[in-house]
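All remarks here apply to the structure that follows.
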Amino acid sequence: MLPHIRILCVEDHQLVREGITLIIDREPDMKVVAAAATGEDSVELYRRHCPDVTLMDLYLGSMTGVEAILAIRSKDAAARIVVLTMSQADEDIHRALQAGAVTYLLNDTMSSDLIRVIREVNAGEKPAIRSDLKARLVARAAGRTLTAREIQVVELVSRGMRNKEISAALGISEETAQVHVKNIFAKLRVRDRTAAMRVALQRGIIHIS
């Protein structure tokens, strides 16, 4: 009997989670040993089961997939984590890989490709991400990325705050808040706040729950 590749599946949608489990469990050398719907549960279940490979969604509620990856890898730097998500946003891809994900898959991945990637990752390999996703990373690297402070400002703008409210929230002058907003417009190549929000959401710079 073949030894099982032990897998933790992290996905907040029950139907998707059950579908992934069915695909994996029909393989003779694989077994989903635990499934989680939240980032917090994924960290605890990883600690309890020490899986060989973890499949991680990114949108999980209060603790994001990226935060869960960081938490798991802070306890086990050798953790093999594969992102499996719907997001094609360049910032999501970048953050996940920076956090330590081995590779990045989309939910429309063929089941045969998912199985292949799990085997490769379990063997210590690092499967390449899809060419279209890699192109997004290349474009991101070639562009002008937002600073941590500018991302904070974008998040506040998404809540409908004006410059005066942003300055009060961040403890900066209104003039400094205005400079940040102008820099954000320039980097995102937009002319107004509505367009800035649209681009920031599309690229995964911010998320609205």
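Where a number appears in this text, it was derived from the coordinates with a stated rule and is not lab data. All figures in this text were calculated on a predicted structure; none of them were measured in a lab. Neighbour counts are summed over all protein chains in view; Cβ atoms, including those assigned to glycine, are modelled from backbone coordinates with ideal geometry.
Which value at 222 nm does the chain reach when only helices count, each DSSP H run of 4 or more adding -39,500 (n - 2.57), with the total divided by all residues and rounded to the nearest 500 deg cm²/dmol? Walk me through the numbers on the way to the answer.
Working: 10 runs with 112 residues, N = 209.
Only helices count here, giving -16500 deg cm²/dmol.
Compute the long axis of helix 148-158 from its Cα atoms, compare it with the longest principal axis of the Cα atoms of the chain, and write down the angle in degrees, 0 to 90, nearest 10. The two axes meet at around 80 degrees.
Pairs on different chains or at least eight residues apart, Cα atoms closer than 28 Å: how many lysine pairs in the chain fit? Show your work: numbers first, answer last.
Details: Lys31/Lys75; Lys31/Lys126; Lys75/Lys126; Lys126/Lys134; Lys134/Lys187; Lys164/Lys182; Lys164/Lys187.
So the count works out to 7.
Residue separation of Ser62 and Arg47 scaled by 0.36 nm, minus their Cα-Cα distance, works out to 3.5 nm of gained length.
With a cut-off of 12 Å between beta carbons, the residues surrounding Ile93 carry a summed charge of +2, where Lys and Arg count +1 and Asp and Glu -1.
Computing Rg and Dmax of the Cα atoms in Å directly from the structure and comparing it against [x] 19.0, 77; [y] 18.2, 60; [z] 19.3, 69 singles out [z]. Helix 39-49 versus the longest principal axis of the chain: what angle, 0 to 90°, nearest 10, using Cα atoms? Computed tilt is about 30 degrees.
Once the Cα atoms are used to define both axes, helix 90-99 deviates from the longest principal axis of the chain by about 60 degrees. Magnitude of the charge dipole for the chain, about its Cα centre and with charges confined to Cβ atoms of Lys, Arg (+1) and Asp, Glu (-1), is about 760 debye. Under 5 Å from the amide H of Leu105 lie the amide H atoms of Val83, Leu84, Thr85, each residue being 5 or more positions distant or on a separate chain, with H modelled from the backbone and absent for Pro and chain starts. Between Ser74, Ile5, Ala34, the Cα set farthest toward the positive side of the dipole of the chain (charges on each charged residue's Cβ, about the Cα centre) is that of Ser74. Distance between the 7 Å Cα→Cβ label points at Gln14 and Leu106: 2.9 nm. Based on alpha-carbon centroids, what's the gap between the range 1-42 and the range 105-135 in Å, whole number please? Measuring centre to centre over Cα atoms gives 16 Å.
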